[in-house]
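Values quoted throughout were computed directly from the atomic coordinates according to the rules given, and no laboratory measurement underlies them. This is a predicted model, so every value here is computed, not measured. For neighbour counting, all protein chains shown are included, and Cβ atoms are generated from backbone atoms with ideal geometry for every residue, glycine included.
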Amino acid sequence: MTTLHWADSRLEVHRLVVGPYDNNVFVIRCRETGEAVLIDAANEHEKLLELCTALNVRRVLETHGHWDHIQAVPAMREAGLSVAVTAADAPMLKDVGYDVFIDDAEVIEVGRLRLQAIHNPGHTPGSISFLIEGSPLLFSGDTLFPGGPGGAKFEGGDFNTIIDSIDNKLFTLPPSTIVLPGHGLDTTIGNERPHLQEWVDRGW
């Protein structure tokens, strides 16, 4: 099973698609130290734990608390991994558990890599994206997809808020920034930014 999705001299990104909603699970690994984190322990925990063992993953970062992104959390914690989520979305993990909070603008170190946490409310109150400093990669969770924002009709979601999050926090990034979303294919900021007004006009 080949999982390598993107790489340069400093880092590797591995990707698995799991569960009934085809969730993207990413592992970000520092090539220099071998340290790694997993983004969104969504489902199919056996596969995820196998990947975690192979890639030396010790921590899980949750982009948000929706059910389809947290199914594998109990198995991860049982295996000794630490699970992080924003305080605003932590109540959604009350049945599966979590260990630490992620704050807006926090820098999370993974070996020599630095992940910048960007709070993007709108899909959920605590949705968060991760930008790898010094690389073109943005992990957007369910905030930004090819073709528009994530759904804002769920409890705690708000369309105007997600548009504001995308416009003011993500569309300020360089056009070449590669967006790796929680479902579906990669895109770039440059591909999506010109369509913002269309999304506002259509209302979703």
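Partners of Lys169 within straight-line reach, counting aspartates and glutamates whose Cα lies under 12 Å from its Cα and excluding those fewer than 8 residues away in the same chain: Asp104.
Size descriptors for segment 88-204 (Cα atoms only): Rg and Dmax, in that order, 14.1, 43 Å. For the chain, find the longest principal axis of its Cα atoms and tell me its angle to the long axis of helix 45-55, 0 to 90°, nearest 10. Helix 45-55 and the main axis of the chain meet at about 70 degrees. Return a whole-number percent for the relative contact order of segment 1-92, with Cα pairs under 8 Å and 6 or more residues apart as the contact set. After rounding, I find 21 percent. Taking Cβ atoms as reference points and 15 Å as the exclusive limit, the residues near Val73 contribute a net charge of -4, counting Lys and Arg as +1 and Asp and Glu as -1.
Relative contact order of the chain: 14 percent, from C-alpha pairs under 8 Å at least 6 residues apart in sequence.
When both segment 1-37 and segment 75-93 are represented by their alpha-carbon centers, they are found 19 Å apart. When the chymotrypsin sites (Phe, Trp or Tyr not before Pro) in segment 120-166 are filtered for DSSP coil states and for at most 15 other beta-carbon atoms within 10 Å of their beta-carbon, the remaining sites are Phe154. Translational diffusion of the chain, estimated by Stokes-Einstein from the Kirkwood radius over alpha carbon pairs at 37 °C in a medium of 0.692 mPa s, is 197 µm² per second.
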